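Remarks on the structure that follows.
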Amino acid sequence: MKKYSYLLLLAAAISCKNKPATENAGSFSITEKAFGKLDTSAITEYTISNPSGMQVSIINYGGTVTKLITKDKAGKDGDVVLGYDSLSGFLQKGNPYFGALIGRYGNRIAKAKFSLDGKEYKLAVNNGANTLHGGLKGYDKVVWTATKLPGDSSLQLVYHSKDGEEGYPGNVDVTVVYSLSSANELKIDYKAKTDKATPINLTNHCYFNLSAGADSTINNHELMILAAQYTPVDTSLIPLGKILDVKGTPMDFTVPKLVGKDLDSVQGGYDHNWVLTRTGKGLEKIATVYHAASGRLMEVYTTEPGIQFYSGNFLDGTLTNTKGGAKYVKHAALCLETQHFPDSPNEPSFPSTILKPGETYTHTTVYKFGVK
Ligand code: GLA
């Protein structure tokens with residue numbers, strides 16, 4: 001009996017092997033496409049496909065997710081992230097970090113400075129008086145070294161960030177691995193090492209619109225964030241240092257709610273960090289987004305303590321080279337940036353973001369797609 005099933009397996013394997021690659025549905029693959037040049041660096045777009053046809057495309061410029069193809073409830077494919085048709089789109093001034101990896105420090109550090117071990121460090125100023133998303137040339141604007149990993153389901157990106165880059169101390173070696181699973185999960189694993197103590201807060205800046213272009217805004221997306229508290233901010237979006245309860249406020253997403261429901265009552269729109277309600281330090285489901293018309297559902301899992309929910313408030317329809325010439329108007333998409341809290345280096349009561357020599361920074365986030 002054992003021998004018989006072994007033979008059957010062998011026969012199946014041989015018949016599968018003899019089929020042309022295109023008929024080999026049900027396997028993982030990574031394809032490559034030239035995506036332009038930046039100075040002397042070739043920019044390549046890598047597309048990972050999973051057995052059920054979900055696809056993610058990533059370029060080595062900024063480690064940026066350029067496309068994310070998922071099925072709606074009718075089985076129709078659609079691209080659920082904002083982006084551009086060409087590299088020039090991503091290079092344009094004012095590209096609001098579409099799909100990019102963010103570092104060395106995601107979100108803001110007040111007055112672009114912090115003190116560590118008795119020394120003050122001055123950072124690049126790029127957002128009012130503050131530093132945002134790593135400074136003038138953050139990890140979103142550098143060329144990463146990309147390697148396809150065995151198994152055809154993961155792409156590894158490596159970047160060496162020099163001591164003093166954008167004002168931050170220490171040489172930092174960063175590795176990010178994007179993987180697709182057969183369960184329609186896009187997993188992002190981050191790792192970093194340093195040779196001097198430094199703040200670090202890595203994230204990804206995908207702009208999601210689960211309607212895949214059908215709805216011009218995300219007002220009809222239903223959002224749940226598993227967080228009983230959030231960090232209130234001043235007018236320049238710097239945390240006040242307090243942690244407030246969401247209960248009874250427009251910030252309450254503990255029960256799924258349409259994004260548009262209370263949007264107008266939040267000054268400037270949602271652009272805040274939520275303090276996740278976690279049971280431990282592992283990978284936990286902390287948010288869901290549902291778009292009823294398409295049936296698309298996205299679940300967010302992370303190991304991080306916070307999430308920045310940004311409702312695309314600064315989009316104003318002026319970006320060029322957008323996919324298919326789309327107008328990305330205010331609230332055209334939402335970002336769910338899993339992270340530590342903004343301005344942590346200046347807020348001793350927030351969970352520490354300091355990485356020391358000998359330690360390894362790790363962070364995993366999963367965006368899982370389905371329909372209901
Ligand atoms: C983050 C910030 C926002 C904005 C966007 C990019 O989400 O919190 O204030 O800067 O990035 O435009």
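Rule-based calculations on the coordinates, nothing more; no lab input. What you see is a predicted model, and the numbers here were worked out from it, not measured in a lab. In this analysis, Cβ positions are derived from the backbone assuming ideal geometry, glycine residues included, and neighbour counts consider all displayed protein chains.
The stretch 274-321 and the stretch 43-89 have their alpha-carbon centroids 18 Å apart. Where the alpha-carbon atoms of the stretch 29-371 are placed on the principal axes, they occupy 59, 52, 40 Å, in descending order. Remark: the stretch 189-204, residue by residue, has Karplus-estimated 3J(HN,Hα) of 9, 10, 9, 8, 10, 9, 10, 9, 4, 8, x, 8, 7, 9, 7, 10 Hz, where x stands for each Gly or Pro and the curve is 6.51 cos²θ - 1.76 cosθ + 1.60 at θ = phi - 60°. The aspartates and glutamates within cross-link reach of Lys37, meaning a Cα-to-Cα straight distance under 15 Å and a gap of 8 or more places when in the same chain, are Glu45, Asp85.
Can you give the net charge of the other residues whose Cβ lies under 13 Å from the Cβ of His205, counting K and R as +1 and D and E as -1? Overall, the nearby charge balance is -2. Here the extension length gained between Thr40 and Lys327 equals 100.2 nm, from 0.36 nm per residue of separation less the Cα-Cα distance. Computed over the chain, the per-residue total of -39500 (n - 2.57) for DSSP H runs of n ≥ 4 gives a 222 nm mean residue ellipticity of -2000 deg cm²/dmol, rounded to 500. With θ taken as phi - 60° and the Karplus curve 6.51 cos²θ - 1.76 cosθ + 1.60 applied, the whole-hertz 3J(HN,Hα) list for the stretch 39-48 is 6, 9, 8, 7, 9, 10, 9, 9, 10, 9 Hz, x standing for glycine and proline.
Once a ≥ b ≥ c are taken as the square roots of the eigenvalues of the Cα gyration tensor of the stretch 119-244, is the result rounded (a/c under 1.5), prolate (a/b larger than b/c) or oblate (a/b not larger than b/c)? Oblate. The peptide list 265-272, 299-306, 36-43, 141-148, put in order of mean Cβ contacts within 10 Å with the highest first, becomes 299-306, 141-148, 265-272, 36-43.
Relative contact order of the stretch 160-301, taken over Cα pairs closer than 8 Å and 6 or more residues apart, is 20 percent. For the chain, the Cβ-based charge dipole about the Cα centre amounts to some 740 debye (Lys, Arg positive; Asp, Glu negative; other atoms uncharged). In summary, the lysines within cross-link reach of Lys111, defined as a Cα separation below 25 angstrom excluding same-chain residues under 8 places away, comprise Lys93, Lys119, Lys122, Lys137, Lys141, Lys162, Lys196, Lys242, Lys356.
For a straight C-alpha distance cut-off of 29 angstrom, the lysines reachable from Lys73 (same-chain residues fewer than eight places away being disregarded) are Lys187, Lys257, Lys261, Lys285, Lys323, Lys327, Lys330, Lys368, Lys372.
If R0 is 35 Å, the Cβ-Cβ spacing of Val125 and Asp173 corresponds to a FRET efficiency of close to 0.85. Of the residues Val300, Gly324, Val371, the one whose Cα sits farthest towards the positive end of the charge dipole of the chain is Val371 (charges of +1 on Lys and Arg Cβ, -1 on Asp and Glu Cβ, taken about the Cα centre). Per-residue Karplus couplings for the stretch 99-106, computed as 6.51 cos²θ - 1.76 cosθ + 1.60 with θ equal to phi - 60°, are listed in order as x, 7, 7, 10, x, 5, 9, x Hz, Gly and Pro entered as x.
The H on the amide N of Val246, modeled in the peptide plane, is under 5 Å from the matching H of Gln229, Tyr230, each at least 5 residues off or on a different chain.
Counting every other Cβ atom within 10 Å of each residue's Cβ, Thr175, Thr66 order from fewest to most as Thr175, Thr66.
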